[in-house]
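The values are calculated or read from the model by the stated rules, or taken from the named source; none is laboratory data. All of these numbers come straight from a predicted model, not from anything done at the bench. As a convention, Cβ positions derive from the backbone with ideal geometry for all residues, glycine included, and neighbour counts pool all protein chains shown. Ligands, DNA and RNA are stripped out before the accessible areas are found, and what is left, the full protein with its side chains, is counted by its heavy atoms. Shrake-Rupley method; radii C 1.70, N 1.55, O 1.52, S 1.80 Å.
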Amino acid sequence: MRQAMTPGRRQPKTKIGQLIDQGMRRQGIPSWHKLEELCDVSQGYISAHLIEGRIQSPKEETLRRLAHVLGQRVEEYRAALLADRNELPAPVYYFSAHLGESVDERAAELVMELLEELARRKSRRNRQP
């Protein structure tokens, strides 16, 4: 069940912020400050610095605490941070590296289109009451 966004809570602009926001909604955590309390980090660290992209390389322990509290995987945070810093490899290189063999650019684009469509479907399902 999804919760409505808390009035006055700003919508995150970063990929990691969006990921954290999704986890908060799933776990029923009403505010950034409550999340900071649960993660045992200073007030404002997540809401003012991590979510806004002012801290682009948070401590690993902070990411682990977030993942634990929000029921997510720490790898998702690492990928979101790379995306926020525009450091993700091009899909053709990513798939080639993980498959251990050359992948042509068109095949990589098709896989990315499929993944994006699956993400859109999941997002639509999550928005339904």
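Quick notes on this structure:
- Computed over the chain with a Gaussian network model linking Cα atoms closer than 10 Å, the most mobile of ALA97, ALA108, ALA79 is ALA97.
- Global geometry of the range 53-129, whether rounded, prolate or oblate, following the gyration tensor of its Cα atoms and the 1.5 cut on a/c: oblate
- Straight-line cross-link reach from LYS59 at under 17 Å between alpha-carbon atoms covers these aspartates and glutamates, not counting any fewer than eight positions away in the same chain: GLU36, GLU37, ASP40, GLU75, GLU76, ASP84.
- Under a Gaussian network description of the chain, with springs only between Cα atoms under 10 Å, the residue in ILE20, ILE46, ILE55 that fluctuates furthest is ILE55.
- Just checking the listed ones, TYR45, TYR77, TYR94: in the Gaussian network model of the chain with Cα springs under 10 Å, the one fluctuating most is TYR94.
- Counting protein heavy atoms only, the chain has 51 percent of its accessible area on carbon and sulfur, 1.4 angstrom probe.
- Net dipole in debye of the chain [+1 Lys, Arg Cβ; -1 Asp, Glu Cβ; about Cα centre; nearest 20]: 800
- Solvent exposure of the chain amounts to 68 Å² per residue of accessible area, where only protein heavy atoms count and the probe is 1.4 Å.
- Label selected from [x] 1.41; [y] 1.18; [z] 1.03, the criterion being Cα Rg over 2.2 N^0.38 Å as computed here: [y]
- Separation in nanometres of the label points that stand 7 Å from Cα toward Cβ, at SER123 and GLU61: 3.5
- R0 of 25 Å, Cβ-Cβ distance MET112-GLN27: FRET efficiency to nearest 0.05: 0.25
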